[in-house]
Amino acid sequence: MTHNIPVNQNLVDMEYAVRGPIPHRAMDLQKEGHTIYACNIGNPQALKQKPISFYRQVVALLEASDNIQRERNLTKFAKNNSDVFEGSGINIIPTGIINYSEEFLHNCLTGMGAYTESQGPRFIREAISQFIDLRDKNDIASDPESIFLTDGASDAVRRILELLITGPHDGIMIPIPQYPLYSATVKRCGGVQVGYYPDEEKDWALTPDILEEVYQNATTQGVNVKCIVIINPGNPTGAILDKQSIDGVVNFVEKYDLSIIADEVYQENLYGGSFISMASAVGSRDISLFSLHSISKGFTGECGHRGGYMEIRNIPIMKDSNVNLSELLLKQASVSLCSNTVGQAIVYMMVKPPKTGSKPYNTYAEEKNVILRELETKAALIKESFKQMEGMECFGRTGAMYLFPRINSLPKDITDFDYCMRLLEETGICTVNGGGFGQQPGTSHLRIAFLPPVQSITRFLPDWIRFHNRFIKSPH
Ligand SMILES: Cc1ncc(COP(=O)(O)O)c(C=O)c1O
């Protein structure tokens, strides 16, 4: 039987290249027995990044809280019988972890299986505020009442855009190239994407002229620009924004009374510069700011657990209306009752790691360091290999988990999609073509996520170099 049920056209029009035709082809090739190097997506643990033990040990105890006393007894027993346990392979949970878990359960009262406050438990929001204040050393303290826990940053983006986009003339400025979550969510909410192009050759910097021109063009075409999205460090470019660019954004936004969405999910992934948060740049200025963070990235890598938060400063006030946007955000959160509690717990651990100097801290710090240094090594290895690929140029102070080289040498009529598809078919390296993120017309790029183990990267790089130098001369 057929039904003629019209569906939401915004959903039909939505696109998401990261899981588009190239990764689909990769899945088919894998089923046929080919080795695939999944460099198309920032999903660290799918590529063998080890979870931080602290997070997993605490989550295990939170979920099986009846075992806490047993673990405590075991830890005590192990201390007095070290000869029995040494080399036994039995994992003894340190007392510090057991205490941490108990304290968490004491604070959250209702345990892991109950709905929490829609905004997220107050003690977690307080810990987030302390984390932000420590990071930014701002004059204006972060307010736990302006923090919402979310099921990852994607959830936060959907909530914010749903709030800001009121109709087909409302415009959201997004960087091009961009992480397709933004184009997709703007489309889904029925707004207009207003793309701005950071200056690639200046390490993806932003200048007032770039923003001004795009804003003026959009306004002339009748678009009501409401907000600008800043992704720092960037996806797909991986670039860390410099202070001048960030200050320029703040001045621009203040001039036109726009809001900022600061997507800062990669704030821990820094290999070529330091991170400046948008909240610290805004300081005491009266600018509406939605800042996002997530447990998916950094060294945390807990994508599947879906946790994050948004912090709002200077919530927009709607002219000629008595609608209160804070109340609206709370209502919006209430409709889905609460974000998931394991995600909430990992957010808490992300912002409140074990105390410096404690046994759990030493393990945590070591694991964190290993992950970040490996990422740095992998990025450097790939960047270095571009020098052996004719016409391959890569700009930006490296951050996040991505490199976004420009392929200057493609023959006429060959697109970056063709390049990436052939690269996949001939070498197993699965990347995403620049066109999937948007790019300056006439340019070609690809995005590579540098997450596979070092051994895999060193194995595939010579194949890629060979493929590249042959393909650009003879693509057929
Ligand atoms: C810039 C950026 N923002 C948001 C997200 C989504 O993060 P989450 O897993 O927290 O939803 C990603 C994921 O790759 C991202 O790259």
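The values are calculated or read from the model by the stated rules, or taken from the named source; none is laboratory data. A quick note: this is a predicted structure, and the numbers were derived from the prediction, not measured. Because the Cβ atoms are built from the backbone with ideal geometry, glycine has one as well, and the counts that use them run over all protein chains shown. Keep in mind that these areas ignore ligands, DNA and RNA; they rest on the heavy atoms of the full protein, side chains included. Shrake-Rupley method; radii C 1.70, N 1.55, O 1.52, S 1.80 Å.
Between Leu330 and Glu201, what is the label-point separation in nm under the 7 Å Cα-to-beta-carbon projection?
Distance between the two pseudo-spin positions: 5.3 nm.
Taking the Cα centre of each part, how many Å lie between the stretch 409-476 and the stretch 165-202?
Using only Cα atoms, the two centres lie 26 Å from each other.
Please turn the phi angles of the stretch 265-274 into ³J(HN,Hα) values with the Karplus equation 6.51 cos²θ - 1.76 cosθ + 1.60 (θ = phi - 60°), one per residue in order, whole Hz, x for glycine and proline.
Residue by residue, the stretch 265-274 yields 5, 9, 4, 9, 8, 10, 10, x, x, 9 Hz.
Excluding Leu241 itself, what net charge comes from residues whose Cβ is under 13 Å from its Cβ, given Lys and Arg +1 and Asp and Glu -1?
Working: positive: Lys202, Lys243, Arg397; negative: Asp199, Asp203, Asp242, Asp247, Asp263, Glu264.
Spelling it out: positives minus negatives among the neighbours equals -3.
Pairs to check: Lys50/Lys387; Lys50/Lys378; Lys187/Lys226; Lys243/Lys387; Lys255/Lys331; Lys297/Lys378. Give those whose C-alpha atoms are more than 20 Å from each other in this structure. Provide the component values of the computation, followed by the final result.
Details: Lys50/Lys387 31 Å; Lys50/Lys378 16 Å; Lys187/Lys226 15 Å; Lys243/Lys387 28 Å; Lys255/Lys331 31 Å; Lys297/Lys378 16 Å.
Violating the 20 Å limit, Cα to Cα: Lys50/Lys387; Lys243/Lys387; Lys255/Lys331.
Between Thr95, Val186, Phe467, whose Cα lies farthest towards the positive end of the dipole of the chain when Lys and Arg beta carbons carry +1 and Asp and Glu beta carbons carry -1, centred on the Cα centre?
Highest projection toward the positive end goes to Thr95.
Please state the shape class of the stretch 199-352: rounded when a/c is under 1.5, otherwise prolate if a/b exceeds b/c and oblate if not, all from the C-alpha gyration tensor.
Cα axes put the stretch 199-352 in the oblate bin.
Whose amide H sits under 5 Å from the amide H of Leu446, counting only residues 5 or more places off or on another chain, with H placed in the peptide plane?
Ile407, Gly434
Length gain on complete extension for the stretch Ser474 to Arg422, per 0.36 nm per residue less the alpha carbon to alpha carbon distance?
Full extension from Ser474 to Arg422 adds 17.5 nm.
Under a Cβ-only charge scheme (Lys and Arg +1, Asp and Glu -1), can you give me the dipole magnitude of the chain about the Cα centre, in debye to the nearest 20?
The dipole magnitude comes to about 1020 debye.
If Lys and Arg each add +1 and Asp and Glu each add -1, what is the summed charge of the other residues whose beta carbon sits under 15 Å from the beta carbon of Ala60? Don't skip to the end; give the middle numbers.
On the way: positive: Arg56, Arg70, Arg72; negative: Glu63, Asp66, Glu71, Glu102, Glu302.
Summing Lys/Arg as +1 and Asp/Glu as -1 gives -2.
For the chain, report the accessible area per residue in Å² (1.4 Å probe, heavy atoms, rounded to an integer).
Dividing the accessible area of the chain by its residue count gives 46 Å².
Might you report the magnitude of the Cβ-based charge dipole of the stretch 53-109 about its Cα centre, with Lys and Arg at +1 and Asp and Glu at -1, to the nearest 20 debye? Don't skip to the end; give the middle numbers.
Numbers: 5 positive and 7 negative charges, 13 e Å.
With Lys and Arg at +1 and Asp and Glu at -1, about 60 debye.
Under a point-charge model restricted to the Cβ atoms of Lys and Arg (+1) and Asp and Glu (-1), what is the dipole moment magnitude of the stretch 59-143 relative to its Cα centre, in debye to the nearest 20?
Dipole about the Cα centre, nearest 20: 200 debye.
So who's got an amide H within less than 5 Å of the one on Ala205, skipping anything under 5 residues away but keeping other chains? H placed 1.01 Å off N, in plane.
Asp199
Quick check: from the Cα gyration tensor, does the chain come out rounded (a/c under 1.5), prolate or oblate? Working shown, then result.
Values: a/c = 1.73, a/b = 1.15, b/c = 1.50.
Since a/c reaches 1.5 but b/c is at least a/b, the shape of the chain is classed as oblate.
Can you list the HN-Hα couplings for the stretch 179-190, worked out from phi with the Karplus curve (6.51, -1.76, 1.60; θ = phi - 60°), rounded to whole Hz and with x for Gly and Pro?
The phi angles translate into 6, x, 3, 6, 4, 5, 6, 4, 4, 4, 8, x Hz.
Could you tell me whether the stretch 192-257 comes out rounded, prolate or oblate from its Cα gyration tensor? Rule is a ≥ b ≥ c as square roots of the eigenvalues, rounded for a/c under 1.5, then prolate if a/b exceeds b/c, otherwise oblate.
Verdict is prolate for the stretch 192-257.
So for each of 59-66, 123-130, 444-451 I average, over its residues, the number of other beta carbons within 10 Å; can you give me the resulting order with the highest mean first?
Ranked by mean Cβ neighbours within 10 Å, highest first: 444-451, 123-130, 59-66.
With n ≥ 4 as the cut-off for DSSP H runs, can you work out [θ] at 222 nm for the chain, using -39500 (n - 2.57) per run divided by the number of residues, rounded to the nearest 500?
That calculation yields -13500 deg cm²/dmol at 222 nm.
If packing is taken as the mean number of other Cβ atoms within 10 Å per residue, what is the order of 170-181, 323-334, highest first?
Details: 170-181: 24.3, 323-334: 13.9.
Going from most to least packed, we get 170-181, 323-334.
If you take the beta carbon distance between Met27 and Thr110 as r and set R0 to 51 Å, what does 1/(1 + (r/R0)^6) give as a FRET efficiency, to the nearest 0.05?
With R0 = 51 Å, the Cβ-Cβ based efficiency is 0.80.
Fully extended, how many nm does the chain gain between Glu366 and Asn91 (0.36 nm per residue separation, minus their Cα-Cα distance)?
97.2 nm
Given the whole protein assembly as supplied and a 1.4 Å probe, what does the accessible area of Ser358 come to in Å², nearest 10?
30
Out of Ile172, Gly343, Val282, whose Cα points farthest toward the positive end of the dipole of the stretch 122-351 (charges: +1 Lys, Arg; -1 Asp, Glu; placed on Cβ)?
Gly343
Determine ³J(HN,Hα), in whole Hz, for all residues of the stretch 105-115 in sequence, where each value follows from phi through the Karplus function 6.51 cos²θ - 1.76 cosθ + 1.60 and θ = phi - 60°; x replaces Gly and Pro.
For the stretch 105-115, the Karplus curve yields 5, 5, 6, 8, 6, 8, x, 7, x, 9, 4 Hz.
May I ask you to derive the relative contact order of the chain, considering only C-alpha pairs under 8 Å and at least 6 residues apart, and to give it as an integer percent?
On the way: 838 pairs, mean separation 103.3, N = 476.
Relative contact order here is 22 percent.
5 Å is the cut-off here: which amide hydrogens, built 1.01 Å from N in the peptide plane, fall below it relative to Ser259, excluding neighbours closer than 5 in sequence?
Here the answer is Cys227, Ile228, since their amide H atoms fall under 5 Å of that of Ser259.
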